[in-house]
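What follows is a short report on a single structure.
Nothing in this text is a laboratory measurement; each read-out follows from the coordinates by a stated rule. Keep in mind that this is a model prediction, so the values were computed, not measured. We place every Cβ from the backbone using ideal geometry, glycine too, and count neighbours over all the protein chains shown.
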Amino acid sequence: MSLFIERTGHGSVQLVLIHGWAMHGGVLQPLVDALAERCTLHVVDLPGHGYSRDCDLPLEPHAIAAAIADATPPAIWLGWSLGGLVALTAALDLPQHVQALAMLCATPKFVRDVAWPHGSDGALVHRQAGDLETDYHGTIEHFLALEAMGSADPRGELRHLRQLVFARGEPDLRILQEGIQLLETSDLRGDLPRLTVPSTWIAGRRDRLVPPQAMAWSAGQCAGDYHEIPHAGHAPFFGHVDALAHVLEPVFAGHHANTASMSFSDE
């Protein structure tokens, strides 16, 4: 089975959206709805997740980036959480295909060590992986409850989030295990200075999984733009989608200006 990529929206900006570990592209629906007039969106289900549950691709950033690039036009790529590793890998490997990069609560290295104080605690990441394997629904419910906190209608928001997250079933157990290995071992910090495409790094100020400091540091390594969304956690498209769309607008406008300039030069 091939990688599932949903094409939706009818705007002039081409945008690839890549979800995080243990989720699927459908969880990004609030952002899709907010951008559908502005963008044509290519919403990916990663291998083993959602409608790509039976896809035989490994959960490996280079392979996934190549598969997405083969199935989509040149575009801005936005990666959330683990999806950011795929988007960043694509921007490094395929700069002719990735017109700009948006990293949403994503980092080139997830796990903290002596040389990287801005990562998540490795024991916490591993414990969450174990929780997902033994009680997927309960673990995701806890995550969603945290994201719904602060909403004007937290119960209504939580009901909506449940509908989105559980709509495409559970990810394959093998993929959950591959995902935790990817989170524990990936380190693209040294590659950031060779990033040639424009990049925007968007953090949630209350993110417990990817510290904003990690994203601010990363933006500084590649001359990228850094933005922090107040009150948002690890998933700003839940409850803070208007603020997120506002932060993304300069990315789209800059891409449009560059495209117009290139077209004028070609004439």
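What shape does segment 1-160 have by the C-alpha gyration tensor, where a ≥ b ≥ c are the square roots of the eigenvalues, rounded means a/c under 1.5, and otherwise prolate means a/b greater than b/c and oblate the rest? Don't skip to the answer; put the middle values down first.
Values: a/c = 1.56, a/b = 1.21, b/c = 1.29.
Oblate, since a/c reaches 1.5 and b/c is not below a/b.
So what's the angle, to the nearest 10 degrees on a 0 to 90 scale, between helix 136-148 and the longest Cα principal axis of the chain?
It works out to around 60 degrees.
Tell me, in nm to one decimal, what length is gained between Arg159 and Met1 on full extension, where the rule is 0.36 nm per residue of separation less the Cα-Cα distance? It would help to have the intermediate numbers written out before the result.
Working: separation 158, 0.36 × 158 = 56.88 nm, distance 3.15 nm.
Full extension of this stretch gives 53.7 nm more.
Quick one: if you stick a label point 7 Å off each Cα along the C-beta vector at Asp56 and Leu124, how many nm between them?
About 4.0 nm, to one decimal.
Could you tell me the calculated FRET efficiency between Glu228 and Ala145, based on Cβ-Cβ distance and R0 = 22 angstrom, to the nearest 0.05? Provide the component values of the computation, followed by the final result.
Numbers: r = 23 Å, r/R0 = 1.04.
Computed FRET efficiency for Glu228 and Ala145 comes out at 0.45.
Roughly what % of DSSP beta bridges within the chain run antiparallel, to the nearest 5? Intermediate results must be reported in sequence, preceding the final value.
On the way: 7 of 33 bridges.
If we restrict to bridges inside the chain, about 20 percent are antiparallel.
Once a ≥ b ≥ c are taken as the square roots of the eigenvalues of the Cα gyration tensor of the chain, is the result rounded (a/c under 1.5), prolate (a/b larger than b/c) or oblate (a/b not larger than b/c)? Please list the in-between numbers first.
Values: a/c = 1.35, a/b = 1.28, b/c = 1.05.
The shape class here is rounded.
Which order do Asp45, Asp242 fall in if you start with the one that has the fewest other Cβ atoms within 10 Å?
Working: Asp45 23, Asp242 10.
Least crowded to most crowded, the residues run Asp242, Asp45.
What shape does segment 86-160 have by the C-alpha gyration tensor, where a ≥ b ≥ c are the square roots of the eigenvalues, rounded means a/c under 1.5, and otherwise prolate means a/b greater than b/c and oblate the rest?
On the way: a/c = 2.21, a/b = 1.40, b/c = 1.58.
Judged from the Cα gyration tensor, segment 86-160 comes out oblate (a/c at least 1.5, b/c at or above a/b).
Report the extension gain between Asp191 and Asp242 in nm, rounded to one decimal, defined as 0.36 nm multiplied by the number of residues separating them, less their alpha carbon distance.
Details: separation 51, 0.36 × 51 = 18.36 nm, distance 3.16 nm.
Gain in length upon complete extension: 15.2 nm.
Can you grab the distance from the C-alpha centre of segment 89-152 to the C-alpha centre of segment 1-26, Å, no decimals?
18
Contour minus end-to-end for Ala71 and Val114, with contour as 0.36 nm per residue of separation and end-to-end as the Cα-Cα distance? Write out the running numbers ahead of the final one.
Numbers: separation 43, 0.36 × 43 = 15.48 nm, distance 3.98 nm.
Computed gain between Ala71 and Val114 is 11.5 nm.
Using the alpha-carbon atoms, what tilt in degrees (0 to 90, nearest 10) does helix 241-266 show relative to the longest principal axis of the chain?
Result, in degrees: 30.
May I ask for the angle, rounded to the nearest 10°, between helix 173-185 and the longest principal axis of the chain, with both axes built from Cα atoms and the value confined to 0 to 90°?
Approximately 70 degrees, to the nearest 10.
With r defined as the distance between the Cβ atoms of Gln96 and Arg174 and R0 fixed at 25 Å, what FRET efficiency is calculated, to the nearest 0.05?
Working: r = 33 Å, r/R0 = 1.30.
Computed FRET efficiency for Gln96 and Arg174 comes out at 0.15.
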